[in-house]
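Remarks on the structure that follows.
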Amino acid sequence: MKPLILLISKAIVGLLLLASTSEWLAAADLNTNSAPAEAPKSVFIMPTKPQEGCDPFFPNSTRPYAEATIAHHHSAAVTSLELKGISGNPPYRLVIVNNHTFAAGDEGDVITREGRIHVRCIEIKPNSAILEADGQRVELSLPR
């Protein structure tokens, strides 16, 4: 009698598992017809002071805060930009600013005595160039 009860109980458990699996598969089929969910985008904000956070790998490092303080001192770096040369014909002119080459519309980081500064070349004239750095527009002329 005991083997018969075990056999019946195993059959009931198997039927319950089969029923729950078929319900799960039916629900999964409904989800495949819908549009795939987009993965959330990560946003990283560099801290400017210790109260805002730290580097998780080097918690005692002051590097993130030092970079933030350099970023606020760009006005002095704008004055240390130097136009070293202009080359090319009018539609394809290039300028060299602190050993970094730009075409009109190009942007990049330039190293100055005060540190790095992000520069965008607005226009290149025959003897000068108009640049934008730290929210300021400045016209640099060739040295005489």
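The values are calculated or read from the model by the stated rules, or taken from the named source; none is laboratory data. Keep in mind that this is a model prediction, so the values were computed, not measured. Quick reminder, even Gly has a Cβ in these numbers, built from the backbone with ideal geometry, and neighbours come from all protein chains shown. Please note that ligands, DNA and RNA were not included when accessible areas were found on the heavy atoms of the full protein model with its side chains. Shrake-Rupley method; radii C 1.70, N 1.55, O 1.52, S 1.80 Å.
Between residue 87 and residue 127, residue separation times 0.36 nm minus the direct Cα-Cα distance comes to 13.4 nm.
Considering only protein heavy atoms, with the full assembly of protein chains and a 1.4 angstrom probe, order 100, 118 by accessible area, largest first.
118, 100
Taking a sphere under 14 Å around the Cβ of residue 81 and counting the other residues whose Cβ falls inside, with K and R at +1 and D and E at -1, yields a net charge of -2.
Segment residue 54..residue 141, full-extension length gain: 27.1 nm, with 0.36 nm per residue of separation and the alpha-carbon distance subtracted. Under the simplified labelling scheme, the residue 8-residue 104 pair shows an inter-label distance of 9.3 nm, with each label point 7 Å from Cα along Cα→Cβ. Note on surface exposure: 132, 52 rank 52, 132 by accessible area, highest first, 1.4 Å probe.
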